[in-house]
1. Quick one: ASN169 ticks every box in (1) free of Cβ contacts under 8 Å to residues at least 24 places away in the same chain; (2) touching a strand residue (DSSP E or B) at 6+ places or on another chain (Cβ under 8 Å) bar one, so which box is it?
2. Being within 13 Å of GLN33 (Cα to Cα) and open to solvent by less than 50 Å² (accessible area, probe 1.4 Å) is the filter here; which residues of region 162-174 pass it?
Amino acid sequence: MISRTLRALSLATFATTLSGCGYFDSRAAHRAQIAMVGMTSYDLQACAGIPASVKQLNDTTQIYQYTGTHTLPTFSGSTLIPVADISSVIQEFSGGGGTTCTAVIRLDHDRVSEVHYTGDDDEVIGTDGICSIITRGCARQPEATERKVNAGPFGPVSAFAPAKTPNQNTDATYSKQSGGVITNPDPKSTKPVILPRTQ
């Protein structure tokens, strides 16, 4: 009985530690990169809010940009246990302690086709953890056009790597100008890196 209680207490302590360090935030942000693909713009705005900026790339493609800020917790000074100093050292060496995320979301034919994160958005454990504040509304109350994703330990979601970007429609990735050129395949060539398409 005591051994079972100790095991449960150890597991709870471990989960709390991971949670405080950003592990679960990172998994939530990366899960959203899969779950949100296919959402309509109306559903996206219903759960994530109105974007900070919108860029119309062509007749069928838009970029929505969302920005979220997370304040770092502050600790009062103590001479007995220097919590603030310990926290600063951990954040410094782990690369964590981020405060800002920008989510760049591509919509193709009014549907989300990919989700990217940028900024100082890593917490102590995992990557892109701060970005979960942008997608949290969609995760907590999923919309009808949102995908179901297996977020279990063996699912496609990781705290340490973003989801693979899905293949995109060529209309959503190439403009009429870029469709008429190719990239020079020879890195040692003296010709320009961008060449007219000959076919």
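The values are calculated or read from the model by the stated rules, or taken from the named source; none is laboratory data. Keep in mind that this is a model prediction, so the values were computed, not measured. With ideal geometry, Cβ positions are generated from the backbone for all residues, glycine too; neighbour counts draw on all protein chains shown. Quick note on the areas: whole protein, heavy atoms, side chains included, nothing else; ligands and nucleic acids left out. Shrake-Rupley method; radii C 1.70, N 1.55, O 1.52, S 1.80 Å.
1. Among (1) free of Cβ contacts under 8 Å to residues at least 24 places away in the same chain; (2) touching a strand residue (DSSP E or B) at 6+ places or on another chain (Cβ under 8 Å), ASN169 violates only (1).
2. Within region 162-174, ALA163, PRO166 meet the criteria.
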